Amino acid sequence: MSRPEQKYGVAWSRDELILALYYYCQIPFARTKASNPEVIKLASILGRSPSSVARKLGNLGAFDPVLAKKGISGLTHYSKTDKAVWEEFTNNWDALVRESQRLLASPGVIPQGEGPHDEPEVGLPTGATERPVVGVQRVYQDFFRRTVLASYDFTCCVCGADLPMLLIASHIVPWSVDKQNRVNPENGLCLCVLHDRAYDRGLLAVDDKMVIVVSREARKSRSEFVQHTIVEFADKSLHAPRRFFPRQRFLKWHLHNVFAQ
Ligand SMILES: [Zn+2]
C-alpha cells in the first residue's frame, strides 16, 4: 500500500477499508469524529483527510446490526466493497488483525520515528513500531481488549464500574477452548476485575435474555460484601454494549460449562 498525498474523491481500496474496520472496532462509535486523535492518525497513514476517514468509520456503522437496530448510524452511503470487507472480516477476526498488522508494518505506511501512543490504555497499536517489543499473541489480545472495552463504553457490564484500569475484556468461551473466536468481540464481556473473576469461576452467568444469574454458592455467602457486590446483581439486566452484542451460543456454552448453578 503506497502512501499517497491527500486523495480527494478517490475510491477506498480494500486495504484502506481493512485498516478502517480495524480502527472502527477499537474506537467507541460516539468518538469516530474528525477531531479524534486516532482518526487523525489513520488519516495520516492513509493520506486522506480526517473528515473523510470519520465519514468512512460512520459508513461502516451502517453494517453494525446493533447500531442499525437503534437507528444510530443512519448512514446509507456505502459501497459494495465496504460491505464485502465488513462481511469477510467480521467472520474472520484473526484475519482482520493479521492483515491490519501487515498493512501497518508495510514500508512507508507508518511515518518513521513515530513513538508510542500517549494513552497506552486505549491507544491503538502503531504496527511496525510496536512489533519488535510485543509478541504476536499480544497484538491479538490488545485488539480484543480495545474492541470489547470500546463496545461497552469502558464500563463493567455487571456493575457499571468505569475506570479502565479496573476493566478486563473477558472471554465468554475461553480462548483455550475456542481458538477460532479468541479475537471475536462477540465472545467478550467488559467486566471489572471482581466480576471477571466471578464470571470466570462460575459464580455469575448471563442467560439468553441478557439477565445476570448468580450461583447458589454466592447466594449462600454470609458476607455482606459478597451480597452487595455479587448477589444483588441477580436478575438485573446486563449493561448492553453499543455494538458487538455477546453471541447467544457463547453465553449458552458458559452457562452450561462454567456456571456452578
Ligand atoms: Zn463489575
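So which strands (runs of 3 or more DSSP E) are wholly in region 176-218 and hold at least 2 residues that are within 14 Å of the ligand (Cβ to nearest atom) and either touching an Asp or Glu at 6+ places or on another chain (Cβ under 9 Å) or hydroxyl-bearing (S, T, Y) (or both)?
Those strands (runs of 3 or more DSSP E) span 188-192, 212-214.
Any chance region 219-234 includes a residue that's closer than 28 Å to C25 by Cβ and open to solvent by less than 50 Å² (accessible area, probe 1.4 Å)?
Checked region 219-234: at least one residue is closer than 28 Å to C25 by Cβ and open to solvent by less than 50 Å² (accessible area, probe 1.4 Å).
What pairs can you find where one residue is in region 137-161 and of a type in the set (K, R), the other is within 16 Å of the ligand (Cβ to nearest atom), and their Cβ atoms are less than 7 Å apart, with a gap of 6+ or different chains?
Listed pairs, sorted by first residue: R145/A169.
Could we say that H239 is loosely packed, with under 13 Cβ neighbours inside 10 Å and within 16 Å of the ligand (Cβ to nearest atom) here? Walk me through it before giving the result.
Details: loosely packed, with under 13 Cβ neighbours inside 10 Å: no; within 16 Å of the ligand (Cβ to nearest atom): yes.
For H239, the condition - loosely packed, with under 13 Cβ neighbours inside 10 Å and within 16 Å of the ligand (Cβ to nearest atom) - is not met.
Give me the pairs, please: first residue somewhere in region 46-57 and closer than 10 Å to K33 by Cα, second residue anywhere and among the basic types (K, R), beta-carbon distance under 6 Å, and either six or more positions apart or on two chains.
The qualifying pairs are A54/K33.
Go through region 210-255 and report how many residues are in contact (Cβ under 8 Å) with a residue 24 or more places away in the chain and at negative phi.
27
The values are calculated or read from the model by the stated rules, or taken from the named source; none is laboratory data. Values in this document were obtained by computation on a predicted structure and should not be read as measured data. All Cβ positions, glycine included, derive from the backbone under ideal geometry; neighbour counts span all protein chains shown. Heads up: the accessible areas ignore ligands, DNA and RNA and are worked out on the full protein's heavy atoms, side chains in. Shrake-Rupley method; radii C 1.70, N 1.55, O 1.52, S 1.80 Å.
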